[in-house]
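J.: Below is a structure I'd like to ask you about.
The values are calculated or read from the model by the stated rules, or taken from the named source; none is laboratory data. Model, not experiment: these values are computed from the prediction. Cβ placement follows ideal geometry from the backbone for every residue including glycine, while neighbour counts extend to all protein chains displayed.
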Amino acid sequence: MKHLIVGNWKMHLGPHEADMLVKRLEQHIEADPSTEVVICPPFIDLHSVARTIDPKKLKLGAQNAFHLDEGPYTGEVSAAMLKGLVDYVIIGHSERRAMGETDALIGKKMAAAVRNGLTPVLCVGETLNERHHNLSIKVVTDQLTAGLSLLTDEDVAKVVVAYEPIWAIGSGVPATPEQIKPAIKAIRSTIEELYGESASAGVRIIYGASVASDFVNGILSIDGVVGLLPGGASLNYAEFAKIVKAVQEFSA
Ligand code: PGA
(Lines give C-alpha, C1' and ligand atoms only; values in the text may rest on other atoms or scores of the structure.)
Protein backbone atom coordinates (compact mmCIF):
# COMPACT_ATOMS: atom_id res chain seq x y z
CA MET A 1 0.00 0.00 0.00
CA LYS A 2 1.22 3.51 -0.92
CA HIS A 3 2.16 5.80 1.94
CA LEU A 4 -0.03 8.87 2.36
CA ILE A 5 0.81 12.30 3.77
CA VAL A 6 -1.98 14.80 4.30
CA GLY A 7 -0.87 18.33 5.18
CA ASN A 8 -3.55 20.30 7.04
CA TRP A 9 -2.88 24.01 6.73
CA LYS A 10 -5.84 24.90 8.98
CA MET A 11 -6.78 28.62 8.87
CA HIS A 12 -3.47 29.89 7.49
CA LEU A 13 -2.39 31.67 4.28
CA GLY A 14 -4.46 33.49 1.67
CA PRO A 15 -4.30 32.78 -2.07
CA HIS A 16 -1.07 34.65 -2.81
CA GLU A 17 0.84 33.11 0.11
CA ALA A 18 -0.64 29.70 -0.71
CA ASP A 19 0.70 29.84 -4.24
CA MET A 20 4.12 30.79 -2.91
CA LEU A 21 4.17 27.91 -0.42
CA VAL A 22 3.12 25.42 -3.09
CA LYS A 23 5.89 26.65 -5.40
CA ARG A 24 8.46 26.30 -2.64
CA LEU A 25 7.21 22.85 -1.74
CA GLU A 26 7.37 21.65 -5.31
CA GLN A 27 10.98 22.82 -5.54
CA HIS A 28 11.87 20.72 -2.50
CA ILE A 29 9.83 17.57 -3.11
CA GLU A 30 10.71 14.79 -5.53
CA ALA A 31 7.86 12.99 -7.26
CA ASP A 32 7.84 9.38 -6.07
CA PRO A 33 5.06 6.92 -6.88
CA SER A 34 5.53 5.16 -3.51
CA THR A 35 4.07 8.14 -1.66
CA GLU A 36 0.96 10.22 -2.15
CA VAL A 37 1.29 13.77 -0.85
CA VAL A 38 -1.88 15.80 -0.27
CA ILE A 39 -2.09 19.42 0.88
CA CYS A 40 -5.26 20.86 2.36
CA PRO A 41 -5.25 24.67 2.13
CA PRO A 42 -8.25 26.82 3.14
CA PHE A 43 -11.19 26.90 0.68
CA ILE A 44 -10.27 30.36 -0.57
CA ASP A 45 -6.93 29.06 -1.93
CA LEU A 46 -8.14 25.91 -3.65
CA HIS A 47 -9.03 27.35 -7.03
CA SER A 48 -5.73 29.07 -7.71
CA VAL A 49 -3.63 26.26 -6.23
CA ALA A 50 -5.53 23.72 -8.34
CA ARG A 51 -4.53 25.57 -11.49
CA THR A 52 -0.80 25.63 -10.78
CA ILE A 53 -0.17 22.46 -8.77
CA ASP A 54 2.08 19.73 -10.21
CA PRO A 55 -0.12 16.64 -9.92
CA LYS A 56 2.92 14.35 -10.01
CA LYS A 57 4.09 15.86 -6.73
CA LEU A 58 1.03 17.07 -4.88
CA LYS A 59 -2.68 16.38 -4.65
CA LEU A 60 -5.27 18.70 -3.23
CA GLY A 61 -7.71 18.27 -0.37
CA ALA A 62 -10.21 20.47 1.47
CA GLN A 63 -10.47 20.80 5.25
CA ASN A 64 -14.23 20.43 5.49
CA ALA A 65 -17.37 20.07 3.38
CA PHE A 66 -21.08 20.63 4.01
CA HIS A 67 -23.32 17.56 4.26
CA LEU A 68 -25.84 18.68 1.61
CA ASP A 69 -25.03 19.40 -2.03
CA GLU A 70 -26.64 22.85 -2.42
CA GLY A 71 -29.21 25.20 -0.93
CA PRO A 72 -29.77 28.17 1.36
CA TYR A 73 -26.78 27.60 3.68
CA THR A 74 -24.94 30.89 3.88
CA GLY A 75 -21.19 30.57 4.10
CA GLU A 76 -21.01 26.83 3.52
CA VAL A 77 -19.14 24.91 0.81
CA SER A 78 -20.44 21.52 -0.33
CA ALA A 79 -18.63 18.38 -1.39
CA ALA A 80 -20.52 18.72 -4.68
CA MET A 81 -18.80 22.08 -5.27
CA LEU A 82 -15.39 20.66 -4.39
CA LYS A 83 -15.76 17.81 -6.85
CA GLY A 84 -13.25 18.24 -9.67
CA LEU A 85 -11.19 20.69 -7.63
CA VAL A 86 -9.89 18.38 -4.87
CA ASP A 87 -9.39 14.63 -4.44
CA TYR A 88 -9.55 14.50 -0.65
CA VAL A 89 -11.52 16.15 2.13
CA ILE A 90 -10.83 16.13 5.87
CA ILE A 91 -14.01 15.35 7.80
CA GLY A 92 -14.62 15.61 11.54
CA HIS A 93 -11.36 17.24 12.56
CA SER A 94 -11.30 17.72 16.34
CA GLU A 95 -11.14 21.49 15.88
CA ARG A 96 -14.47 21.32 14.01
CA ARG A 97 -15.95 18.89 16.54
CA ALA A 98 -15.00 21.45 19.21
CA MET A 99 -17.02 24.05 17.27
CA GLY A 100 -20.11 21.87 17.52
CA GLU A 101 -19.93 19.18 14.83
CA THR A 102 -21.64 16.06 16.13
CA ASP A 103 -20.98 12.44 15.23
CA ALA A 104 -24.32 12.36 13.38
CA LEU A 105 -23.39 15.37 11.25
CA ILE A 106 -19.94 13.93 10.56
CA GLY A 107 -21.58 10.71 9.33
CA LYS A 108 -23.62 12.79 6.85
CA LYS A 109 -20.53 14.68 5.73
CA MET A 110 -18.72 11.39 5.10
CA ALA A 111 -21.64 10.25 2.95
CA ALA A 112 -21.63 13.57 1.04
CA ALA A 113 -17.91 13.24 0.33
CA VAL A 114 -18.27 9.68 -0.95
CA ARG A 115 -21.42 10.55 -2.96
CA ASN A 116 -19.41 13.23 -4.73
CA GLY A 117 -16.40 11.06 -5.49
CA LEU A 118 -14.05 12.59 -2.92
CA THR A 119 -11.89 10.53 -0.58
CA PRO A 120 -12.77 11.52 2.98
CA VAL A 121 -10.17 11.57 5.73
CA LEU A 122 -12.20 10.87 8.88
CA CYS A 123 -10.48 12.21 12.00
CA VAL A 124 -11.03 10.45 15.31
CA GLY A 125 -9.30 10.92 18.65
CA GLU A 126 -9.75 11.33 22.38
CA THR A 127 -9.12 14.26 24.74
CA LEU A 128 -6.63 14.06 27.59
CA ASN A 129 -9.45 13.77 30.08
CA GLU A 130 -10.94 10.83 28.17
CA ARG A 131 -7.50 9.19 28.05
CA HIS A 132 -7.12 9.62 31.82
CA HIS A 133 -10.46 7.89 32.28
CA ASN A 134 -9.38 4.97 30.08
CA LEU A 135 -11.93 5.95 27.46
CA SER A 136 -9.55 6.36 24.48
CA ILE A 137 -10.60 3.21 22.65
CA LYS A 138 -14.29 3.71 23.33
CA VAL A 139 -14.21 7.32 22.09
CA VAL A 140 -12.24 6.41 18.98
CA THR A 141 -14.43 3.45 18.04
CA ASP A 142 -17.66 5.38 18.75
CA GLN A 143 -16.53 8.25 16.53
CA LEU A 144 -15.45 5.77 13.88
CA THR A 145 -18.71 3.83 13.95
CA ALA A 146 -20.81 6.99 13.65
CA GLY A 147 -18.58 8.49 10.99
CA LEU A 148 -18.83 5.42 8.77
CA SER A 149 -22.46 4.61 9.56
CA LEU A 150 -23.95 5.74 6.23
CA LEU A 151 -21.32 4.03 4.07
CA THR A 152 -21.26 0.61 2.38
CA ASP A 153 -18.48 -1.99 2.70
CA GLU A 154 -17.11 -0.85 -0.68
CA ASP A 155 -17.12 2.81 0.41
CA VAL A 156 -15.33 2.04 3.66
CA ALA A 157 -12.57 0.19 1.82
CA LYS A 158 -11.68 3.47 0.08
CA VAL A 159 -11.75 5.96 2.96
CA VAL A 160 -8.89 7.21 5.10
CA VAL A 161 -9.14 7.24 8.89
CA ALA A 162 -6.78 9.52 10.82
CA TYR A 163 -6.11 8.76 14.47
CA GLU A 164 -5.49 12.17 16.00
CA PRO A 165 -5.20 12.15 19.79
CA ILE A 166 -6.42 15.64 20.66
CA TRP A 167 -4.04 16.01 23.61
CA ALA A 168 -1.04 15.68 21.29
CA ILE A 169 -2.25 18.08 18.55
CA GLY A 170 -0.17 21.24 18.41
CA SER A 171 1.85 20.16 21.46
CA GLY A 172 5.11 19.55 19.62
CA VAL A 173 5.23 16.02 21.02
CA PRO A 174 3.42 13.23 19.18
CA ALA A 175 1.87 10.27 20.95
CA THR A 176 4.36 7.43 21.37
CA PRO A 177 4.12 4.30 19.22
CA GLU A 178 2.96 2.45 22.35
CA GLN A 179 0.10 4.94 22.74
CA ILE A 180 -0.79 4.89 19.04
CA LYS A 181 -0.81 1.09 18.55
CA PRO A 182 -3.98 0.16 20.48
CA ALA A 183 -6.02 2.84 18.69
CA ILE A 184 -4.88 1.65 15.26
CA LYS A 185 -5.69 -1.93 16.18
CA ALA A 186 -9.12 -0.97 17.47
CA ILE A 187 -9.90 1.04 14.33
CA ARG A 188 -9.00 -1.83 12.04
CA SER A 189 -10.79 -4.51 14.05
CA THR A 190 -13.94 -2.38 14.39
CA ILE A 191 -14.02 -1.93 10.62
CA GLU A 192 -13.51 -5.65 10.10
CA GLU A 193 -16.35 -6.44 12.47
CA LEU A 194 -18.78 -3.97 10.88
CA TYR A 195 -17.78 -4.00 7.21
CA GLY A 196 -15.82 -7.19 6.67
CA GLU A 197 -12.30 -8.23 5.85
CA SER A 198 -11.84 -6.52 2.52
CA ALA A 199 -13.02 -3.15 3.89
CA SER A 200 -10.60 -3.51 6.79
CA ALA A 201 -7.75 -4.48 4.47
CA GLY A 202 -8.50 -1.59 2.13
CA VAL A 203 -9.02 1.28 4.56
CA ARG A 204 -5.96 3.48 5.03
CA ILE A 205 -5.21 4.43 8.62
CA ILE A 206 -2.89 7.37 9.26
CA TYR A 207 -1.67 9.20 12.36
CA GLY A 208 -1.83 12.94 13.05
CA ALA A 209 -0.81 15.18 16.00
CA SER A 210 2.57 16.93 16.18
CA VAL A 211 4.01 14.99 13.26
CA ALA A 212 7.56 16.14 12.44
CA SER A 213 10.30 14.61 10.32
CA ASP A 214 12.14 13.17 13.34
CA PHE A 215 9.17 10.97 14.22
CA VAL A 216 8.37 9.58 10.76
CA ASN A 217 10.21 6.25 11.09
CA GLY A 218 8.84 5.50 14.54
CA ILE A 219 5.25 6.18 13.50
CA LEU A 220 5.36 4.37 10.17
CA SER A 221 6.90 1.32 11.86
CA ILE A 222 3.63 0.80 13.73
CA ASP A 223 1.75 -2.09 12.24
CA GLY A 224 -1.16 -0.84 10.13
CA VAL A 225 -0.16 2.85 9.95
CA VAL A 226 0.26 3.89 6.32
CA GLY A 227 0.62 7.63 6.62
CA LEU A 228 0.71 10.91 8.48
CA LEU A 229 -1.37 14.03 8.93
CA PRO A 230 0.91 16.93 9.83
CA GLY A 231 -0.71 20.27 10.72
CA GLY A 232 1.80 22.91 11.82
CA ALA A 233 4.67 21.18 10.02
CA SER A 234 2.81 21.40 6.70
CA LEU A 235 3.14 25.22 6.72
CA ASN A 236 6.92 25.07 6.80
CA TYR A 237 8.11 24.00 3.36
CA ALA A 238 11.52 22.80 4.54
CA GLU A 239 10.06 20.67 7.34
CA PHE A 240 7.20 19.35 5.23
CA ALA A 241 9.67 18.41 2.47
CA LYS A 242 11.76 16.62 5.11
CA ILE A 243 8.70 14.65 6.21
CA VAL A 244 7.97 13.69 2.61
CA LYS A 245 11.59 12.64 2.08
CA ALA A 246 11.62 10.59 5.29
CA VAL A 247 8.44 8.80 4.19
CA GLN A 248 9.88 8.12 0.74
CA GLU A 249 13.06 6.75 2.28
CA PHE A 250 11.01 4.60 4.62
CA SER A 251 9.10 3.24 1.60
CA ALA A 252 12.27 2.53 -0.41
P1 PGA B 1 -0.34 19.41 14.40
O2 PGA B 1 -1.86 19.31 13.87
O3 PGA B 1 0.50 18.60 13.47
O4 PGA B 1 -0.03 20.89 14.31
O5 PGA B 1 -0.32 18.88 15.78
C6 PGA B 1 -2.38 18.10 13.40
C7 PGA B 1 -3.85 18.24 13.14
O8 PGA B 1 -4.55 18.92 13.91
O9 PGA B 1 -4.37 17.73 12.16
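J.: Does residue 233 satisfy the condition of being touching a strand residue (DSSP E or B) at 6+ places or on another chain (Cβ under 9 Å) and either over 16 Å from residue 4 (Cβ atoms) or in contact (Cβ under 8 Å) with a residue 12 or more places away in the chain (or both)? It would help to see each step written out before you state the result.
T.: Working: touching a strand residue (DSSP E or B) at 6+ places or on another chain (Cβ under 9 Å): yes; either over 16 Å from residue 4 (Cβ atoms) or in contact (Cβ under 8 Å) with a residue 12 or more places away in the chain (or both): yes.
So residue 233 passes the test.
J.: Next up: Among the residues that make up the stretch 43-57, is at least one of them surrounded by 20 or more Cβ atoms within 10 Å (Cβ to Cβ) and either within 16 Å of the chain's Cα centre (by Cα) or within 16 Å of the ligand (Cβ to nearest atom) (or both)?
T.: No, the stretch 43-57 contains no residue that is surrounded by 20 or more Cβ atoms within 10 Å (Cβ to Cβ) and either within 16 Å of the chain's Cα centre (by Cα) or within 16 Å of the ligand (Cβ to nearest atom) (or both).
J.: So for the stretch 4-18 (the condition being among the aromatic types (Phe, Trp, Tyr) and either exposed (fewer than 13 other Cβ atoms within 10 Å of the Cβ) or more than 16 Å from the ligand (Cβ to nearest atom) (or both)), does at least one residue qualify? So that I can check it myself, show each step before the final result.
T.: Quick first cut of the stretch 4-18, residues among the aromatic types (Phe, Trp, Tyr) only: 9.
Then drop every residue that is not either exposed (fewer than 13 other Cβ atoms within 10 Å of the Cβ) or more than 16 Å from the ligand (Cβ to nearest atom) (or both), which leaves none.
Looking for residues that are among the aromatic types (Phe, Trp, Tyr) and either exposed (fewer than 13 other Cβ atoms within 10 Å of the Cβ) or more than 16 Å from the ligand (Cβ to nearest atom) (or both), one finds none in the stretch 4-18, hence no.
J.: What number of residues within the stretch 197-217 are away from the ligand (no atom under 15 Å from the Cβ), surrounded by 19 or more Cβ atoms within 10 Å (Cβ to Cβ) and under 25 Å from residue 249 (Cα atoms)? Let's see the steps before the verdict.
T.: Within the stretch 197-217, the first condition is being away from the ligand (no atom under 15 Å from the Cβ), and the residues that meet it are 197-204, 217.
Now drop any that are not surrounded by 19 or more Cβ atoms within 10 Å (Cβ to Cβ), which leaves 199-200, 203-204.
Going one step further and asking which of them are under 25 Å from residue 249 (Cα atoms), we end up with 203-204.
Counting residues in the stretch 197-217 that are away from the ligand (no atom under 15 Å from the Cβ), surrounded by 19 or more Cβ atoms within 10 Å (Cβ to Cβ) and under 25 Å from residue 249 (Cα atoms) gives 2.
J.: Specify which of the listed residues (220, 194, 229) is near the ligand (Cβ under 10 Å from one of its atoms) and modelled with pLDDT of 95 or more. Steps first, answer last, please.
T.: Values: 220 fails: near the ligand (Cβ under 10 Å from one of its atoms); 194 fails: near the ligand (Cβ under 10 Å from one of its atoms).
After applying the criteria, what remains is 229.
J.: Is it the case that the stretch 77-85 has a residue that's closer than 30 Å to residue 252 by Cα and either buried (at least 16 other Cβ atoms within 10 Å of the Cβ) or within 14 Å of the ligand (Cβ to nearest atom) (or both)? Step through it out loud before you land on a result.
T.: We begin by selecting, within the stretch 77-85, every residue closer than 30 Å to residue 252 by Cα; these are none.
No: zero hits.
J.: If a residue must be of a type in the set (Ser, Thr, Tyr), in a helix (DSSP H, G or I) and out of contact with any Gly (no Cβ under 9 Å at 6 or more places or on another chain), how many such residues does the stretch 110-144 contain?
T.: The first filter runs over the stretch 110-144 and keeps only residues of a type in the set (Ser, Thr, Tyr), leaving 119, 127, 136, 141.
Those still in the list that are in a helix (DSSP H, G or I) too: 136, 141.
Checking which are out of contact with any Gly (no Cβ under 9 Å at 6 or more places or on another chain) leaves us with 141.
Total satisfying the criteria: 1.
J.: On to the next question. For the list (1) closer than 26 Å to residue 29 by Cβ; (2) among the charged types (D, E, K, R); (3) within 18 Å of the chain's Cα centre (by Cα), I need the number of the one condition that residue 214 fails.
T.: Status for residue 214: all satisfied but (3).
J.: Something else now. Considering each residue of the stretch 145-175, count those that are in a loop (DSSP other than H, G, I, E, B) and within 16 Å of the ligand (Cβ to nearest atom), and give that number. Don't jump to the end; show me each part of the working.
T.: The initial filter retains those residues of the stretch 145-175 that are in a loop (DSSP other than H, G, I, E, B), namely 149-152, 159, 164-165, 169-175.
Filter once more, so that each one left must be within 16 Å of the ligand (Cβ to nearest atom): 164-165, 169-175.
Matching residues across the stretch 145-175 total 9.
J.: Can you find, within the stretch 119-143, the residue that is nearest to the chain's Cα centre (by Cα) among those that are among the hydrophobic types (A, V, I, L, M, F, W, C) and buried (at least 24 other Cβ atoms within 10 Å of the Cβ)?
T.: Filtering the stretch 119-143 for residues among the hydrophobic types (A, V, I, L, M, F, W, C) gives 121-124, 128, 135, 137, 139-140.
Narrowing further to those that are buried (at least 24 other Cβ atoms within 10 Å of the Cβ): 121-124, 140.
Details: 121: 4, 122: 7, 123: 6, 124: 10, 140: 15 Å.
Taking the candidates together, the pick is 121.
J.: Has the stretch 206-215 got any residue that is under 16 Å from residue 120 (Cβ atoms), part of a helix (DSSP H, G or I) and aliphatic (A, V, I, L, M)?
T.: no
J.: Would you pick out the residues in the stretch 165-179 that are surrounded by 17 or more Cβ atoms within 10 Å (Cβ to Cβ) and more than 16 Å from the chain's Cα centre (by Cα)? Quick ask: steps written out before the conclusion?
T.: Residues of the stretch 165-179 surrounded by 17 or more Cβ atoms within 10 Å (Cβ to Cβ): 165-169, 174-175, 177.
Correct list: 167, 175, 177.
J.: Can I ask one more? What is the one condition in (1) within 23 Å of residue 25 (Cβ to Cβ); (2) in contact (Cβ under 8 Å) with a residue 60 or more places away in the chain that residue 187 does not satisfy?
T.: (1)
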